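What follows is a single structure, written as structure tokens, with notes after it.
The values are calculated or read from the model by the stated rules, or taken from the named source; none is laboratory data. All of these numbers come straight from a predicted model, not from anything done at the bench. Note that each Cβ is placed from the backbone with ideal geometry, even for glycine, and that neighbours are counted across all protein chains shown.
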Amino acid sequence: MNTDQYIDIFLDESREHLQAINDNLLELEKDPKNLSIVNDIFRSAHTLKGMSATMGFEDIAALTHKMENVLDQIRNEERSATTAIVDIIFASVEALEVVVSDISNGGDGKKDVTALVSAIEGIEKGQDAVDEQVTQDHTSNSFEFDDYQLEVISQAKGQGYLALSIMVKLRDDCILKGPRAYMVMEKLESLGEVIQTMPSVEEIEDGNFDQAFSVVFVTKVSEKDVQATIENVSEIELVSISEISNVNSVTTEEAIKIEEAPSSSSQSVPSEEKQSQKSKTIRVNLDRIDTLLNLFEEVVIDRSRLQDIANKLNNQDLVSVVENMSRVTLDMQELMLSMRMLPVEQVFNRFPRMIRGLARDLGKEITLKISGKETELDRIVIEEISDPLVHLIRNSVDHGIEIPGVREEVGKSPIGTVELRAYHSGNHVFIEIEDDGAGINREKVGRKAIEKGLLQEEQAKRMTDEEIYQFIFASGFSTADVVSDISGRGVGLDVVKNKIQSLGGSIIVQSEQGKGSKFSIELPLTLSILSALLVQVQRETYAIPLSSIVETVSLSKDDLMFVHGQSVMDFRGKVIPILSLSDIFQVPVESLGTNQNYNVVVVQKGDKLTGLLVDELIGKKEVVLKSLGNFIKDVFGISGATILGDGNVALIVDPNALIQD
């Protein structure tokens, strides 16, 4: 079977199930006796095993199968959810994430998981054997189903499958019970789905049963064919098959109600209301949304042309139709742009497990608090912001939060706190990482900056704390006494700042020594639609993002100064350089004009200001950012292009590239 057409669905669902396992493991560690959490983890692992086996990814299937065995024992209360078990399942999830990532990058999905499989088997074998009475109980034909199994059986029966209870007894002289039982299980799995076994699958395959074992099985094959298939295995004495007609007297509706109802009050919700609460979503490839948006831009261009034609003809009926079309297309455009938005939850979800591992490695106790996971950002920003956040959080954990003993000495709780929050503000999104650790030592940062020649001692005395803290983002800047393999406060933070600025954002640091630090990242809500100022340079039109603009200035020729051959201006008591867009982009000069004043757009990158000299200010406009494509890429000072209402193309200026650090 060719499974290539299903690979995208497999990857999406695999990531969802792995994230669900990850989240539930964190909850299980807090509440190890909560078997409902174990059931949730088991369901995700079971589904992942089935999908990967169908797609032919045997390493994923093998590892999830072993995870199932341990989880099955926990939910059957044969063992408890110890730290060792949680750790090995976490390690398994990490390995599975690597495999899924490899598949998404075009790999074959193969990974050596033998060490993890052996570790899981070691945990299983290290426990006490199940006593004889339990084993005897398992060999009986009385099954107890959990909610998930009830639902699977009920749905299978509703779709025309047979739900069978099968008892297989081996001959008394059968020596290799385990291999014979394994052969039976293999035959059954080729015909349908094994829902439950007594005793467990592991015990059956190890031969840890008397002479008989039982299986609950769903299939579309007839009872007669199933029996004939099993009897083809040698040393089988008896095969007893019966159809399951009443699953512990629990109906499908009751099973679903048990699983979904958070409280007794919700059980009285009418069926019509429950139906309306169901999720109505479909999976759509993001490339299709981008293609749809590109096609819609053609509609916008034609709409602008229709408006011009309607105004020229002065036909009121046509004008009315075009005005209505404008309103509808504007709503459509906003809707399609919102389809590009994704919640930051996709990035935030990776951090609880990361902090758990870092805290254990460093001997610290840390609580992560997350808020605003539902805050949405453009998918491009979501993809790019992950690594900077990882680095900032690792710094907070490594050099921000103190070890428990030190915290207690200064009157703090031994458990440190890292807060990760996101929220909207205007046309921007703020992401904040705040810790209650030792904070940043202003004097130490200042001394290091002076040593590296980044500022003078007199300047340092006049600068605010926030201005001093910005030096930790300088290339190669570090105040760490010991640079660990986890982080070094400042090492690599220049990359963090550059990445954030490349997204049109900025980062501010606030800190109080002994109290903690807060890194605030400001990002544009979307990169696909920008608020821009349209400017004219000779006959060319350019768009400058408003997020980078501080002010526009009308500058007389007498106020234009030169320092070492560089054009500069006095902007609110500060001398800033002036760059001519005509010179930068080599726009042919057709006319010098008679205007005695210059139009200057003052743009900002961090604490750096630069004036951009243009011929005319046209006005503000919402523009859609379009890539220049593979044939025209890496153009200095240009981040993309947009199509204007008259059909002309305007290049979008990248102020970050023009401002010199």
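Might you let me know whether the range 503-513 holds any residue that is surrounded by fewer than 17 Cβ atoms within 10 Å (Cβ to Cβ), modelled with pLDDT under 90, part of a loop (DSSP other than H, G, I, E, B) and not acidic (D, E)? Yes: one or more hits.
Scanning the range 529-544 for residues that are out of contact with any helix residue (DSSP H, G or I) (no Cβ under 7 Å at 6 or more places or on another chain) and surrounded by 21 or more Cβ atoms within 10 Å (Cβ to Cβ) yields L530, V535, A543.
Report, ordered by the first and then the second residue, all pairs with beta carbons closer than 8 Å, sequence separation of six or more or different chains, a first member in the range 218-242 that is on the phi > 0 side of the Ramachandran plot, and a second member that is in a helix (DSSP H, G or I). Final answer for the pair search is E235/R180.
When you check L533 against the structure, is it closer than 13 Å to L651 by Cα and either in the same structural domain as Y598 (by TED's automatic domain parsing) or aromatic (F, W, Y) (or both), yes or no?
Details: closer than 13 Å to L651 by Cα: yes; either in the same structural domain as Y598 (by TED's automatic domain parsing) or aromatic (F, W, Y) (or both): yes.
Answer is yes for this residue.
Counting only residues that are of a type in the set (A, V, I, L, M, F, W, C) and in a strand (DSSP E or B), which one in the range 184-199 is surrounded by the fewest Cβ atoms within 10 Å (Cβ to Cβ)? Ranking the qualifying residues of the range 184-199, first place goes to V194. Checking the stated criteria, I393 turns out not to satisfy the condition of being outside the structural domain of R15 (by TED's automatic domain parsing), β-branched (V, I, T), out of contact with any strand residue (DSSP E or B) (no Cβ under 8 Å at 6 or more places or on another chain) and in contact (Cβ under 8 Å) with a residue 40 or more places away in the chain.
Screening the range 1-102 for helices (runs of 4 or more DSSP H) wholly inside it with 3 or more residues that are more than 23 Å from the chain's Cα centre (by Cα) returns the ranges 35-55, 58-75. Figure legend. Inter-residue proximity from the range 309-322: first residues surrounded by 12 or more Cβ atoms within 10 Å (Cβ to Cβ), second residues at pLDDT 85 or above and in a helix (DSSP H, G or I), beta-carbon distance below 7 Å, spacing 6+ or different chains. Indicated pairs: A310/L318; A310/V319; A310/V322.
Taking the range 401-410 as the search range and keeping residues that are acidic (D, E) and not in a loop (DSSP other than H, G, I, E, B), which one is nearest to the chain's Cα centre (by Cα)? Give the steps one after another, and end with the answer.
Taking the range 401-410 and keeping what is acidic (D, E), we get 402, 408-409.
Still in the running and not in a loop (DSSP other than H, G, I, E, B): 408-409.
Working: E408: 35, E409: 38 Å.
In this case the residue turns out to be E408.
Would you call I123 in the same structural domain as R15 (by TED's automatic domain parsing), modelled with pLDDT under 75 and surrounded by 14 or more Cβ atoms within 10 Å (Cβ to Cβ)? So I123 fits the description; yes.
Residues in the range 323-348 that are in contact (Cβ under 8 Å) with a residue 12 or more places away in the chain, aliphatic (A, V, I, L, M) and more than 24 Å from N311 (Cα to Cα): M336, L337, M339, M341, L342, V344, V347.
Return yes when V587 is at pLDDT 85 or above, surrounded by 13 or more Cβ atoms within 10 Å (Cβ to Cβ), among the aliphatic types (A, V, I, L, M) and farther than 30 Å from L335 by Cβ and no when it is not. So V587 fits the description; yes.
If you filter the range 407-435 down to residues that are among the β-branched types (V, I, T) and surrounded by 16 or more Cβ atoms within 10 Å (Cβ to Cβ), you find that the one that is nearest to E365 (Cα to Cα) is T417.
Tell me, yes or no, whether the range 161-183 has at least one residue that is under 38 Å from the mean Cα position of the chain (by Cα), at pLDDT below 85 and crowded, with 16+ Cβ neighbours inside 10 Å.
We begin by selecting, within the range 161-183, every residue under 38 Å from the mean Cα position of the chain (by Cα); these are 161.
Filter once more, so that each one left must be at pLDDT below 85: 161.
Remaining after also requiring crowded, with 16+ Cβ neighbours inside 10 Å: 161.
Yes, the range 161-183 contains at least one residue that is under 38 Å from the mean Cα position of the chain (by Cα), at pLDDT below 85 and crowded, with 16+ Cβ neighbours inside 10 Å.
Pull up the range 26-55, narrow it to residues that are surrounded by 21 or more Cβ atoms within 10 Å (Cβ to Cβ) and hydroxyl-bearing (S, T, Y), then point me to the one that is farthest from D72 (Cα to Cα). Across the range 26-55, the extreme among qualifying residues is S52. Got at least one residue in the range 549-567 being assigned by TED's automatic domain parsing to the domain that holds G619 and under 17 Å from S639 (Cα atoms)? Yes, the range 549-567 has at least one match. Checking each residue in the range 450-468 for being over 36 Å from the mean Cα position of the chain (by Cα) and assigned to a helix (DSSP H, G or I) picks out I450, E451, E457, E458, Q459, A460, K461, R462. Among the residues of the range 71-80, just one is crowded, with 19+ Cβ neighbours inside 10 Å and touching a Lys or Arg at 6+ places or on another chain (Cβ under 8 Å), namely Q73.
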